[in-house]
Each structure stands twice: as structure tokens, then as C-alpha cells.
1. From I161, I110, I138, grab the single residue that is more than 26 Å from V78 (Cβ to Cβ) and either outside the structural domain of M213 (by TED's automatic domain parsing) or surrounded by 24 or more Cβ atoms within 10 Å (Cβ to Cβ) (or both).
2. Would you check which residues across region 179-207 are among the basic types (K, R) and surrounded by 16 or more Cβ atoms within 10 Å (Cβ to Cβ) and list them?
3. Please verify whether D38 is without any contact (Cβ under 8 Å) to a residue 60 or more places away in the chain and among the acidic types (D, E), treating the condition exactly as stated.
4. For residues that are in a loop (DSSP other than H, G, I, E, B) and modelled with pLDDT of 95 or more, scanning just region 294-330, find the one that is farthest from T17 (Cα to Cα).
5. Given S30, S61, S56, which one is in a helix (DSSP H, G or I), modelled with pLDDT of 95 or more and under 21 Å from V112 (Cβ atoms)?
6. Can you tell me which of (1) closer than 24 Å to F219 by Cα; (2) among the small types (G, A, S); (3) in contact with a strand residue (DSSP E or B) (Cβ under 7 Å, 6 or more places away or on another chain); (4) touching a residue at least 60 places away in the same chain (Cβ under 8 Å) is the one G127 doesn't meet?
7. Give the residue, chosen from K295, K267, K320, K285, that is in the same structural domain as C244 (by TED's automatic domain parsing) and touching a residue at least 12 places away in the same chain (Cβ under 8 Å).
8. Against the definition (crowded, with 19+ Cβ neighbours inside 10 Å, at negative phi, of a type outside the set (K, R) and not assigned by TED's automatic domain parsing to the domain that holds P88), how does I313 come out, yes or no?
Amino acid sequence: MKKDFYTLGIETTCDETSASVLKNGTELVSNVVYSQTDIHKKFKGVVPELASRAHSMKMASVVKQAISKLGTKPKIDVVAFASGPGLPGALLVGRVGAELLSRMYNAKLIGVNHLEGHLLACDFKEGTAKTQLTFPLIGLIVSGGHTELWIGKNYGDYKLIGRTRDDAVGEAFDKVAKLLDLGYPGGPKVSQLAQKFRSSGKECKIKFPRPYMRGTFEFSFSGVKTAVSYFLRDNKKFNKDEVCYAFEEAVVDTLIYKVLEAVKYYKIKAIAVGGGVSANKWLRKRLGEECDKRKIKLYFSEPMYCSDNAAMIALAGYKKFKKLGKKNFNIEINPNMIIDSWRD
Ligand code: KG4
Ligand code: ZN
């Protein structure tokens, strides 16, 4: 009888401490996520030193909870941890914890690109990794720290074709939320107020610029954020919902324009969207409509797997292990890691 194969995923790149167990590469046994939001919200942003401390305090209990479902003598075959990109101190905590666990369980230790995890999170449906992405595809990564376009030829075979020159899209959402005093992280709140305005049926009198950066696959969101700050400076009376609406429209129009340009240019008929901002309902709806019109296959992860979690790291680690075999894997952390094809 074939033995079951267990992958333990560890995620500590930013402000979520998470551990997850994946059975046979498909079945999620656990996905424990501790969010540090309460620690960082009074500073209206992530404080790297506090993030590292919180990871080191929480890691043991999060891992214990994740593996508790495997009984008193857990068997773990692979420990996959997010080795970058991310905050240097936070990554180190994950690296140390993951190495210790891999030695304890005599498991293979594998470093995984956090952003690749976001893309692969599209595979999860109701706790099972059952969707298989169809390749080639255009990957759109939209998180708090990154905004990137990739060509994916297969699992583990990626090429970066464009990224943001300045702010990431999630960062722009968070900065606008800060300007409007909406708390941290502000993306969901900005989106909620935008939706409120949208459903009010009122006419929007504000228009923010769309940074299309024509002729490139690059992004730039700092100008939209600055336009919002100038608007708030110059207008003493304004409707917060309307500002959020005008901002969200500008950002979503831009993301859709760019990703559709990429599928057209590369003649690719599938898109997968990953990262915290992929939870944005307006982006999901609008891009869904555009892809239906063009008969483009579109993948989003389920909302609960859009933000940082270790399930996506376990899945990426499992796939990497199965494809590359039992060699030694690269386990160096790299805060500025750029997506690349698997070769270690
Ligand atoms: O991927 P993620 O959880 O962490 C990073 O790897 O950065 O992304 C977090 C980002 C934050 O900037 C947050 O405000 C944004 O995702 N976000 C959203 C929404 N939900 C989360 N932005 C817009 N609309 C949302 N619904
Ligand atoms: Zn992330």
C-alpha cells in the first residue's frame, strides 16, 4: 500500500504567521493563520521589527496546531517555507523554524517563492488542491508589496514581464486608506466604501488618472495615490465613499488594461490572479466580464486563500519537490527574490 505523503508549509514573509499540512499534494489537513494586524494597526503599517518578534513568539504554537491533526507521531516528508520575497527578519524566523522542523522529522527542506505561492493558491477549492491551472497563462500578482505580470509556461516555469516602478497596488490602497483615516490594512475598507458609493447610484464627479504606461508591461501607482492626496488637500469637503470609488475605478481599470494587453501581445488565453488584492470584488467582477467576452480562462483563488497563508506555500513546495526530485534545494532567504523557473 502506498504511504501518504505530507508537506508542512511555513509562511512568515510579512505580517501573517502561518503553518499548513497538505496530504498527498491535494488535501489540506490544516491551514492555521495568525494575523498580526492588531500589533501593526496602531502604526498604520507593518513595523518590520515587531513582525519578526511576533513571528518568533507565535511560530511554535501555530505549527503545533497545524500538525496536531496528524496525531501523536506525525510523519512529515517535506517542509516548505517561503524564502522570499519579504521582510528580512521575518524570513529568517521562518527559515530557522523550518530547518529545525525538517531535521526533527527527517524531512526535505525546500525554499519557495512567496509570490509563486499566491499564484498556485488558485488551485484550492474547498480545502482541496483540485483545480489544475491551464498553461500557458499570464500571471497577475497583486499584493501589498508587489505588482507583477508573468508568463507561466507550466508549474515552476515562469518569466517576469513587468512589475511596478514604485508603489505596489495593495500599498496604494493602504496609503489611500491612511489618508482617509480608514485604519490598517485599508484595502478591504476602501473597497467596501467604493462599493457603497457604487450601489448608491450617485454620479461620481472625481476622476483620478489611469497610469496605463502604454507600450510597457510595467506599473506605477504612486501617481494615483498622490492625485488622491492633492484632491484631499484642495477640497475641504468631500465624500469619502466617492473618493474610494474614484480610486478603485482608476486602479481596477489600470490592472485590467495591463493584463489584457499582455494576453493580446503574447496570444495567451488564460489569466491567473494572485495576492491580497485579488480578493477585491470589483476587480474579480470586472475582469471576469472582460475575460468572458474574450473567451479567456480566468483563475482567482477563493477569497480565504488570497491573503498570506501557508497552504499555498505547502502546495508550491510539494509541486517543486515532485518535479525536481530528491536533490538538495535552495534554502537561502532572499528578501528581494525575483520569480524564476525552478532549477535548484
Ligand atoms: O498578499 P498579501 O496578503 O500580503 C502581501 O504579500 O503583501 O496582500 C495584502 C494587501 C494589503 O495591501 C491589503 O490592503 C490588500 O492586500 N487587500 C485588498 C483587499 N484585500 C486585501 N486591496 C483591495 N481590495 C481588497 N478587497
Ligand atoms: Zn503575500
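The values are calculated or read from the model by the stated rules, or taken from the named source; none is laboratory data. All figures in this text were calculated on a predicted structure; none of them were measured in a lab. Positions of Cβ are generated from backbone atoms using ideal geometry, with glycine treated the same way; all protein chains shown enter the neighbour counts.
1. Details: I161 fails: either outside the structural domain of M213 (by TED's automatic domain parsing) or surrounded by 24 or more Cβ atoms within 10 Å (Cβ to Cβ) (or both); I110 fails: more than 26 Å from V78 (Cβ to Cβ).
None of the others qualify; the one that does is I138.
2. Residues of region 179-207 that are among the basic types (K, R), as a first pass: 189, 196, 198, 202, 205, 207.
Within region 179-207, K189, R198 qualify.
3. Numbers: without any contact (Cβ under 8 Å) to a residue 60 or more places away in the chain: yes; among the acidic types (D, E): yes.
Taking the combined requirement at face value, the residue satisfies it.
4. It comes out as K295.
5. Numbers: S30 fails: in a helix (DSSP H, G or I); S61 fails: under 21 Å from V112 (Cβ atoms).
Of the residues listed, the single one that is in a helix (DSSP H, G or I), modelled with pLDDT of 95 or more and under 21 Å from V112 (Cβ atoms) is S56.
6. Of everything listed in (1) closer than 24 Å to F219 by Cα; (2) among the small types (G, A, S); (3) in contact with a strand residue (DSSP E or B) (Cβ under 7 Å, 6 or more places away or on another chain); (4) touching a residue at least 60 places away in the same chain (Cβ under 8 Å), G127 misses just condition (1).
7. Values: K267 fails: touching a residue at least 12 places away in the same chain (Cβ under 8 Å); K320 fails: in the same structural domain as C244 (by TED's automatic domain parsing); K285 fails: touching a residue at least 12 places away in the same chain (Cβ under 8 Å).
Going through K295, K267, K320, K285 in turn, the sole match is K295.
8. Details: crowded, with 19+ Cβ neighbours inside 10 Å: yes; at negative phi: yes; of a type outside the set (K, R): yes; not assigned by TED's automatic domain parsing to the domain that holds P88: no.
In short, no.
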